[in-house]
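For reference, the structure discussed in these notes is given below.
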Amino acid sequence: MKEQSKGASALKLILILLATVGFCFGGYKYAKDIKLGLDLAGGVSITYEASEENPSDTDMADTIYKLQKRAEGYSSEASVYQEGSNRINIDIPGVSDANAILEELGKPGSLLFCTFNYGDDGVPTGIAETVVEGKDIKSAGVAQRKGEAGSADSYEVNVSFTDEGAKKFADATAANIGKQIAIIYDGELISYPTVQQAITGGNCSISGNFSVDEANNLAQTIRLGALKLELTEIRSNVVGARLGQQAISTSLKAGAVGFGIVIIIMLVLYRVAGLAASIALVMYTGLITILLNAFEITLTLPGIAGIILSIGMAVDANVIIFTRIKEEIGVKRDVGESIHAGFNKALSAIVDGNVTTVIAAVVLYYLGSGTVKGFAQTLALGIILSMITALFITRWLLNAFYFLGANKASMYGSKPPVEKSKSFVKNSKFCFILSIAIIVAGFAFMGINKSGTGDALNYGLDFKGGTSTNVTFNEDLSLDYLSSDVAPVVTKATGDNNPQISKVAGTNEVLIRTTELDLDQREAMNEALKDSFGVDTEKITAENISGSVSNEMKTDAIKAVCIAAVLMLLYIWIRFKNIYFASSAVLALLHDVLVVLTCYAAFKWSVGSTFIACMLTIVGYSINATIVIFDRIRENLKLKDGMAVSDIVDLSVTETLSRSLFTSLTTFVMVLCLYIMGVSSIREFALPLMVGIVCGAYSSVCVTGPLWNLMNAHKDKKKADAIAKEKAEALEKKKAKRAAKNS
C-alpha cells in the first residue's frame, strides 16, 4: 500500500465526509423535484373515442401500440389501454397540462414515402417530394419467400395502400423506375427500396434479404406510421396518485429503517471497514437522488425496485471486498497489504457481476416499454453508481482510516474460521430433485388454475383488464382516506383485494379500477358506496377496460429478456472461457423465475404491473450472486492444480458462503421492511421479491456450482472416452499389423 502522511489522510477523509454531507443535502433538496409516476404522484388521463362504432381488434391494437410509443415520449411509465369497445385511455404521469399534449397524441404518424433528388453522378442528394403519407397505408405484413435449392429462405414486407394511396403510389413508381423511394418515419430514414416497375395494383413488396426480425420491424414501423382510427377526445382529467401520500411516506420510512439495519449489520461484522461502507452507501443515496432529478427519470414502484436491487449490489460489492480483506489478514498479512490485496482480488467478481446486470438493463431499456423501461433506467443508474462508490469511495476511506491509526487486524472484524469444505456437489442431487419438484408443481398448479378459472395465473387489472367506475362523492376526499376507508368497502363488495383508486383533480370525482365486474357486482358496489358514503348512484358510470400491459408490451418484455439472457451468456462465456459457466448461470436464472412463478400460481398472488419488474429484479440479483461463486471457482482452478474439480467447487462455494448469506440478509432486510411497513400494493410487490431473494441465494449456493461441475464432468468423460477409443483403435491396428506380418 502506498504510504501517505496522516495529514494527507485526514484531509482526504474530511473531503469525503464533506462531499457526503453535500450530496445528502443536495439529494434532500432535489428529492421533491424528482418526476414521479402515475402510481406515486398522478398525472394526466385522456380518453379518446374512435369515430368507427365497432373497430376491428387489429385496428384498435395497432392504434393503442402507436399511442403507447408516442406517450412514452412524455414518460417511460405512460400506459395506454382500451376502454369499452371503441375507446382508448391514456395515462401519462408527471404532467399536468392535458391540452398541451392532446393534439400531438391524436395526430396521424409522420410516415412518408418520398422521392430523391439526384446529382449529375446519379447519387441521391436529398429528398425531393412526399408521394405517399402514413394515412395512405392500409396494412403491412411479412411474407416468406422460399429460397432456391441450396439457398436460405428470405423475407419481404408486403404493403397495401388505400384507394387514394394506390393511385399516388402508382404515379410515383411509374415516374421513378430504377430510382429509390425513401421511407421516413418521424424524420428517420428507415428504408430506401429501388423501384423495379410501375406498381398499379395497390400492393407492393419490399425485398432486400431481410431476416425475419428485420422484416417484422419494418412492417411494424410502417403499420405504426399512421393512427388506424380517427379519434375524438371524450375527456381529459388531471388525476391524483394511485398509491397516495401514505404509500410514499411509508415506503420512505421503510427504506430508512432497512437502510439503518443494513448499516448496523455492516458495522457489527466488519467494524472499520463497515464504517467506510456505510459512509459510501450514504453518499450513494444522496447521489442517486440528485441524478434521478438530473436525468429526469420518472420514478415509480418498479423504479424503486431497481434502486433496492442496486443498493443490494452496492452492499454485495463491499461484502466481497471485506471478505477478501479478512481472508488476507487471516494468512498473517499486514492490514495495509490485506486492504490492497482484498480490493485487487475482489475486482473481477465485482466488475463481471455488475457488467452482466448492466447489459440486461441496457437491453431492457432499448427494447422494453412502460414499467420495463422505467425499471431498467433506475437499475442501470444505480448499479453504475454503486460500483463507483464501492470501488473508489470505500477504498479511499479505508486507506485514510488505516493511515490514521486503524491498522490492527481486530478492527476489521473477526478472522474467518478455517472451515472444512462442505459437500455441496455430493448432496446436489437432493437439491436438483427439490428444485425440479417445485417447478413441476408450479406447472401443475397453473394447469389446475387454468381448468378452474380459465387462466393459469391470477392476472390482475394491468394484465387482464377490468372495470373502470367513475364515482362522484359529496365532498373532496383525500387519497389516503380513499385508500383507508373507501378501498375496503370496494373490496368487500367486489372481491377485488387491490382496487386502483385515483382522484380527478379539482372535482369530487374518483376513478375506481377493479377486475372485471358483472352486473350484480357493479350493483353491489354501487349500493355499498351509497350506504357507506351517501353517493348518488345515478351519477355512477362504469366501462370495461383492457389491460394496460398490452400484448405488444408483453412481447417487447419477453423479447428483451431473451436477448439480455443471450448477451449475458456470451459475456460470461467470453470472460470465463467456458461455455458451461455461462449455460449453468442462465439455467439458474430460469430456475429462480420458475420457482417464483410457482408461488404466484400456488398462492394465487395477483399478477399486475409490478410482476414484470419483480421477475427482472430476481434475474439481476441472482446473476450477480452466481458470478461471485464462479469467479472463486475460476481462481481456485488455477491455484489448486491437481485437486479434483468437484472438491474445488465445494471449496469455492464454502469460501464464498458467508458473502452469499450476508448479502442475501441485507437485501432481504430492505425488502422485508417494505413488506411490514408498506401499504397493500407495496406488500403485493415485496412478498414475491423476498421469495426471489431467498431462491436466488439458494440457487447460487446449492445449484449453480454443482450444475457446472456436472456439465464439466460430462465434457471430461466424453474427452476421456474419445481418448480411450483412439487408444483402443490404435491397439487394434497394431495387432492387425502384427498378425499380417506373422502371416
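The values are calculated or read from the model by the stated rules, or taken from the named source; none is laboratory data. Since the model is a prediction, treat every value here as computed from it, not as a measurement. Ideal geometry is used to build each Cβ from the backbone, glycine not excepted, and the neighbour counts take in all protein chains shown. These accessible areas exclude ligands, DNA and RNA; they are computed on the full protein's heavy atoms, side chains included. Shrake-Rupley method; radii C 1.70, N 1.55, O 1.52, S 1.80 Å.
Taking every C-alpha pair closer than 8 Å and separated by at least 6 residues, the mean separation divided by the residue count of region 439-578 gives a relative contact order of 30 percent. Taking every protein chain into account, the 1.4 Å probe leaves Phe403 with about 20 Å² of accessible area, to the nearest ten. In the context of the full set of protein chains, residues of the chain present 46 Å² of accessible surface per residue (probe radius 1.4 Å, heavy atoms only).
Summarising the amide proton neighbourhood of Gly608: residues at separation of 5 or more, or on other chains, whose placed amide H is nearer than 5 Å comprise Gly460. On the chain, 58 percent of the accessible area sits on carbon and sulfur atoms, based on a 1.4 Å probe.
Solvent exposure of Met411, expressed as accessible area, is near 60 Å², computed with a probe of 1.4 Å over the protein chains only. Applying a threshold of 24 Å to the alpha-carbon distances of Lys492/Lys539; Lys66/Lys167; Lys32/Lys253; Lys69/Lys559; Lys32/Lys559 flags Lys66/Lys167; Lys32/Lys559 as lying beyond it. For the chain, with the dipole built from +1 on Lys and Arg beta-carbon atoms and -1 on Asp and Glu ones, taken about the Cα centre, which of Ile137, Val44, Gly187 lies farthest toward the positive end? Value computed over the given set: Gly187.
Surface calculation, 1.4 Å probe, protein heavy atoms: Arg70 sits at approximately 50 Å² accessible. Taking amide H positions as modeled 1.01 Å from N, with prolines and chain starts lacking one, the residues under 5 Å from Ile127 and 5 or more places away or on another chain are Asn117. Positive-end ranking of Gly452, Ile264, Ile540 along the dipole of the chain, with charges on Cβ about the Cα centre, is headed by Ile264. Each other residue within a Cβ distance under 13 Å of Ala346 adds +1 if Lys or Arg and -1 if Asp or Glu, for a net charge of -1. Over the chain, what is the percentage of antiparallel beta bridges among all DSSP beta bridges, to the nearest 5? Roughly 95 percent of the beta bridges in the chain run antiparallel, per DSSP. The simple Förster model, with R0 at 35 Å and r as the Cβ-Cβ distance, assigns Val566 and Ala19 a FRET efficiency of 0.30. Based on C-alpha pairs under 8 angstrom that are at least 6 apart in sequence, region 534-626 has a relative contact order of 22 percent. Each of His591, His714 has its accessible area taken with a 1.4 Å probe; listed largest first, they run His714, His591.
Accessible surface ranking for Ile234, Ile92, Ile304, Ile177, 1.4 angstrom probe, highest first: Ile177, Ile234, Ile304, Ile92. When each full DSSP H helix of the chain is screened for a Cα extent of at least 24 Å along its own axis and an average Kyte-Doolittle hydropathy of at least -0.5, the helices passing are 6-31, 244-270, 272-294, 301-330, 335-367, 371-388, 428-453, 551-576, 579-602, 609-639, 657-677, 680-699.
Is the shape of region 533-629 rounded, prolate or oblate, going by the alpha carbon gyration tensor and its root eigenvalues a ≥ b ≥ c, with a/c under 1.5 for rounded and a/b larger than b/c for prolate? Judged from the Cα gyration tensor, region 533-629 comes out prolate (a/c at least 1.5, a/b above b/c). Cα centroids of region 175-215 and region 47-95: how far apart, whole angstrom? Using only Cα atoms to place each centre, the spacing works out to 29 Å. One Cα centroid belongs to region 405-479, the other to region 620-676; the line between them spans 19 Å.
Charging the Cβ of each Asp and Glu at -1 and of each Lys and Arg at +1, and nothing else, the dipole of region 427-484 about its Cα centre rounds to 620 debye.
Sorting Phe401, Phe603, Phe113 on solvent-accessible area from highest to lowest, probe radius 1.4 Å, gives Phe603, Phe401, Phe113. Can you tally the net charge around Lys492? Count Lys and Arg as +1, Asp and Glu as -1, for every other residue whose Cβ sits under 15 Å from the Cβ of Lys492. Surrounding charge for Lys492 is -4. Overall shape of region 160-233 was characterised from the C-alpha gyration tensor. The equivalent ellipsoid obtained from it has semi-axes of 21, 18, 11 Å, in decreasing order.
Electrostatic tally near Tyr118: other residues with Cβ closer than 14 Å to its Cβ, Lys and Arg +1, Asp and Glu -1, net -2. Classify region 327-389: rounded, prolate or oblate, from the alpha-carbon gyration tensor (a ≥ b ≥ c, eigenvalue square roots; a/c under 1.5 rounded; otherwise prolate if a/b is larger than b/c)? It comes out prolate by the Cα gyration axes.
Protection proxy ranking, highest mean first, for peptides 57-64, 671-678: 671-678, 57-64, where packing is the per-residue count of other beta-carbon atoms within 10 Å, averaged.
Evaluated with a Cβ-only charge set (Lys, Arg +1; Asp, Glu -1), the chain carries a dipole of roughly 5220 debye about its Cα centre, given to the nearest 20.
Just need the relative contact order of the chain here, percent rounded to a whole number, with Cα pairs under 8 Å and 6+ apart. Relative contact order comes out at 16 percent.
Think of it as helices only: each DSSP H run of n ≥ 4 in the chain is worth -39500 (n - 2.57), and spread over all residues that comes to -20500 deg cm²/dmol at 222 nm.
With the cut-off at 1.5 for a/c, could you classify region 112-199 from its C-alpha gyration tensor as rounded, prolate or oblate? Oblate, since a/c reaches 1.5 and b/c is not below a/b.
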